[in-house]
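The values are calculated or read from the model by the stated rules, or taken from the named source; none is laboratory data. All values reported here derive from a predicted model rather than from experimental measurement. As a convention, Cβ positions derive from the backbone with ideal geometry for all residues, glycine included, and neighbour counts pool all protein chains shown.
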Amino acid sequence: MEFIHKTVLLNEAVEGLFCSAGKLYVDATAGGGGHSYEIAKRIGEQSSLLAFDVDEDAIKAASEKLKDFTNTKIINASYTQIPEILKQEGIEKITGGILFDLGASFHQLTSAERGFSFTKDAFLDMRFNKEQDLTAFKVINKFSETELANIFYKYGEEKFSRRIAKKIVEKRKEKPVKTTTELADIIKSIVPFQKKGINPATRVFQALRIFVNKELENIETTLQQIIPLLDKGARIVVISFHSLEDRLVKNIFREYSLDCKCPKEQLICSCRPGLLKIITKKPVVASSEELKDNPSARSAKMRIAEKR
Ligand SMILES: C[S@@+](CC[C@H](N)C(=O)[O-])C[C@H]1O[C@@H](n2cnc3c(N)ncnc32)[C@H](O)[C@@H]1O
């Protein structure tokens, strides 16, 4: 199956990285290789790019797209492993910058067999990494009613989370809830269709995807580990598609940019100076031109910081 994904905020992200010669760049989420291709082109032979993804479909697509570049290495691993992989490679610092384009690719969301979409009947899978043990099926059929309700509420901000969880637990007593359509039908029987035409299953499916792939935990721990590995002047660029993700990135950037975190009553400051300088005071969003061509870029928010 052809890998289709329209790269979001392409120029804005690559320019934000300040591509230059003699440096190391990292694309933490290579996907179809859209950002990687532009980075590899701009950095030239004097620099190098390491491009990571956990999804083997993405790795195949990115390898094909980047096959003519000798400055690029594509690595099938989670971005959570970047610190240990850099160590294995004998790399001490990311000298150029790192990009995270979070969430799922269009290919993942629309390939029926990946089980991300409520419009395509398939096994409830939703894993980015097909080697991972936890699937959406396991969550839906093994987790308690309270755990399910909490997942739907926390990651999907679903108002009907408790009622949906109760109904799922009732239904699975008869037989396991196995497919995307079975789950979507349960949700539809609880959540009324809204005026804006958003499918009632949207929020629960999003919540499950975020939970199954540990999306928020992964970005939080990885940003904290990566910031100390950036060389002075190296950039960190994060594109997120979910308000919880964007808030998390904003808070981490802010925390790492503060010079003083001492309580007011402490007279002498004992803090180390902040590690980051925030480059984007407000998140960068897609231009109206990009939105015409790719409406799904509407929720993208990009934040950039620089190591001090
Ligand atoms: C929005 S797509 C990236 C698209 C890419 N920038 C492009 O232009 O083609 C996000 C990608 O991140 C990958 N991903 C998600 N979690 C990951 C993780 N923990 N480690 C590495 N890649 C991950 C997904 O598999 C997906 O391919």
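With the requirement that a residue be surrounded by fewer than 24 Cβ atoms within 10 Å (Cβ to Cβ) and either outside the structural domain of residue 90 (by TED's automatic domain parsing) or closer than 22 Å to residue 104 by Cα (or both), what does the range 33-54 give you? Hits for the range 33-54 are 34, 37, 38, 50, 54.
Please verify whether residue 106 is within 22 Å of the chain's Cα centre (by Cα), surrounded by fewer than 23 Cβ atoms within 10 Å (Cβ to Cβ), aromatic (Phe, Trp, Tyr) and closer than 26 Å to residue 1 by Cβ, treating the condition exactly as stated. Steps first, please.
Numbers: within 22 Å of the chain's Cα centre (by Cα): yes; surrounded by fewer than 23 Cβ atoms within 10 Å (Cβ to Cβ): yes; aromatic (Phe, Trp, Tyr): yes; closer than 26 Å to residue 1 by Cβ: yes.
Considered against the rule, which asks whether it is within 22 Å of the chain's Cα centre (by Cα), surrounded by fewer than 23 Cβ atoms within 10 Å (Cβ to Cβ), aromatic (Phe, Trp, Tyr) and closer than 26 Å to residue 1 by Cβ, residue 106 comes out as yes.
For (1) away from the ligand (no atom under 13 Å from the Cβ); (2) free of Cβ contacts under 8 Å to residues at least 24 places away in the same chain; (3) closer than 22 Å to residue 307 by Cβ; (4) not in a helix (DSSP H, G or I), each residue gets a yes or a no:
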{"position": "3", "(1), (2), (3), (4)": "no, no, no, yes"}
{"position": "7", "(1), (2), (3), (4)": "no, no, no, yes"}
{"position": "26", "(1), (2), (3), (4)": "no, no, yes, yes"}
{"position": "31", "(1), (2), (3), (4)": "no, no, no, yes"}
{"position": "35", "(1), (2), (3), (4)": "no, no, yes, no"}
{"position": "42", "(1), (2), (3), (4)": "yes, no, yes, no"}
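Do you know which of the residues in the range 262-308 that are part of a helix (DSSP H, G or I) and of a type in the set (A, V, I, L, M, F, W, C) is surrounded by the fewest Cβ atoms within 10 Å (Cβ to Cβ)? So the residue we want is 291. For the range 98-109, the count of residues that are without any contact (Cβ under 8 Å) to a residue 40 or more places away in the chain and either more than 9 Å from the ligand (Cβ to nearest atom) or farther than 12 Å from residue 31 by Cβ (or both) is at least one.
Tell me yes or no: at least one residue of the range 215-235 is under 16 Å from the mean Cα position of the chain (by Cα) and outside any helix (DSSP H, G or I). There is no residue in the range 215-235 that is under 16 Å from the mean Cα position of the chain (by Cα) and outside any helix (DSSP H, G or I). Against the list (1) of a type outside the set (Lys, Arg); (2) assigned by TED's automatic domain parsing to the domain that holds residue 137; (3) more than 16 Å from the ligand (Cβ to nearest atom), the condition residue 208 fails is (3).
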